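Notes follow once the structure below has been shown.
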Amino acid sequence: MTQMIRFRSGVLFACLLVSCGSASRPPTAATTVIPPTATLPQATATIEQAPEEAVGVEVTQEPAPYPLSEPGPYHAGKRTVAFEDASRDNRPVSITVWYPALRPEGSSGTPFQVGANRDPDPSGAPYPLILSSTKAAGILAPYLISHGFTWASVDKIDTWDLYSEQLIDQPLDLLFALDQVATDPPEGLEGMIDAERSGAIGYSFDGYNALALSGARIDPEFYQAQCASPDATAEAILSLFSSRYQCALAGEWGEFASHAGEAITNSDDGLWQPMTDPRIRAVVPLAAEGWLLFGNEGLASVDRPVLIIDGTLDVWYAENALLFDHLGTPDKAFISFVDLGHMMVYEAEIVARMAHFAVAFFGYHLQGRDDLARYFSEEFVSQHDDLAWGEYEGE
């Protein structure tokens, strides 16, 4: 498994936010199988049995302008599986697997209600796979599951601390989750998951995970230089919050690199190895972070389709614009939600709109649905006064 790590912009606001709450598009008729880059880690797994429950997503979106925010044809189920990653000292990794499910007999619930351990619906299997934290999945997964996706989310990814361990281990947990559901899915979900057509999505701290999975590479020289003597661009970002948080790794770099390990840090060009997998074909970072760690050269390594979404009043908006501008992939889009800030993720109507774009983007790139391209296009965005295509310049 090719690996990389993640930078935390280490801002207390992000902690509060989340704690409180180039690969080609596959053809429609066939799946292009790309083998993984390395031997899969050994693992042991146990199924965590849970009583039937329902998790509802309250939706108040307008029905016409964002059609893909409406429920799709599938209901949703989920199961939690406890693994241990033998390649990382038996690190425990709990994974929640979300999947299209049969509607329970007599149920009056909508497809957005998620029931634990429901019977799977294999009618459209195998379904492309989405990766994220369980926090992000709890917000967005019901929408995508209803439109024919599976989802593997890593539990207890709550936020980034200021030190190295979580900055490395959490992204690796997501790659581990990909490997495990591909080779050892929960009982009863065999044949349901198409891991060869995978995507990644995440909000805020988890948006970095998605960005890292796109092929971005850490540039240690850039990061340390900017933290020691920032240029105008970096200084503008650092000025939003104390450099103590943004540049916390600068004084701990040896420990940070040691925990990352030689497989990640060894390099002929000064950049660390990317954390990605060829099965990951498209990514959606939402209000993401990572500019200081990647820089121009690290972002130039991104080689698969990327859709970035952020609110123009978000404290990370300028950073997201920089991330977008320097992505190496030509297949990229940046949709700005005008006059919304970082907490827009707690507004049901806004979440429904983000889900619309995610369904369209992943549907196009992972399901091979050409008809969905128009729903995340510049033409579609231009029809909405509260959206902007690319970086918003204001009135």
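The values are calculated or read from the model by the stated rules, or taken from the named source; none is laboratory data. The structure presented is a predicted model; accordingly, all values stated were derived computationally and were not measured. Every residue, glycine among them, receives a Cβ derived from its backbone with ideal geometry; neighbour counts consider all protein chains shown. Ligands, DNA and RNA are stripped out before the accessible areas are found, and what is left, the full protein with its side chains, is counted by its heavy atoms. Shrake-Rupley method; radii C 1.70, N 1.55, O 1.52, S 1.80 Å.
A compact table of results
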item	result
Some residue of region 98-109 being under 20 Å from GLU196 (Cβ atoms) and assigned to a helix (DSSP H, G or I)	no
Within region 274-313, considering residues that are in contact with a helix residue (DSSP H, G or I) (Cβ under 6 Å, 6 or more places away or on another chain), modelled with pLDDT under 95 and part of a loop (DSSP other than H, G, I, E, B), the one nearest to ILE201 (Cα to Cα)	ALA288
Of residues in region 193-227 being assigned to a loop (DSSP other than H, G, I, E, B) and aliphatic (A, V, I, L, M), the one surrounded by the most Cβ atoms within 10 Å (Cβ to Cβ)	ALA216
Lone qualifier among VAL33, VAL59, VAL55 - being open to solvent by less than 50 Å² (accessible area, probe 1.4 Å) and at pLDDT below 90	VAL59
Test: residue in region 152-164 that is assigned to a helix (DSSP H, G or I), in contact with a strand residue (DSSP E or B) (Cβ under 8 Å, 6 or more places away or on another chain) and modelled with pLDDT of 95 or more	no
Residues that are open to solvent by 10 Å² or more (accessible area, probe 1.4 Å), under 17 Å from the mean Cα position of the chain (by Cα) and more than 24 Å from ASP231 (Cβ to Cβ), drawn from region 301-330	ASP303, ARG304
Matching residues in region 363-375 - criterion: being open to solvent by less than 30 Å² (accessible area, probe 1.4 Å), under 16 Å from GLU70 (Cβ atoms) and of a type outside the set (A, V, I, L, M)	GLY363
Inter-residue pairs, beta-carbon under 7 Å, first closer than 23 Å to GLY311 by Cβ and in region 354-382, second open to solvent by 10 Å² or more (accessible area, probe 1.4 Å) and of a type in the set (Ser, Thr, Tyr), 6+ apart	HIS356/TYR375; ALA360/TYR375
Identity of the residue in region 174-192, under 20 Å from the mean Cα position of the chain (by Cα) and of a type in the set (Gly, Ala, Ser), that ends up farthest from THR96 (Cα to Cα)	ALA182
Identity of the residue in region 98-135, aliphatic (A, V, I, L, M) and open to solvent by 10 Å² or more (accessible area, probe 1.4 Å), that ends up farthest from PRO278 (Cα to Cα)	LEU102
Test: GLU187 is part of a loop (DSSP other than H, G, I, E, B), of a type in the set (Asp, Glu) and open to solvent by 30 Å² or more (accessible area, probe 1.4 Å)	yes
Residues within region 87-128 that are within 17 Å of SER153 (Cα to Cα) and either out of contact with any Gly (no Cβ under 8 Å at 6 or more places or on another chain) or among the β-branched types (Val, Ile, Thr) (or both), tallied	8
Any hit, region 122-133, residues being touching a His at 6+ places or on another chain (Cβ under 8 Å) and over 30 Å from GLU252 (Cβ atoms)	no
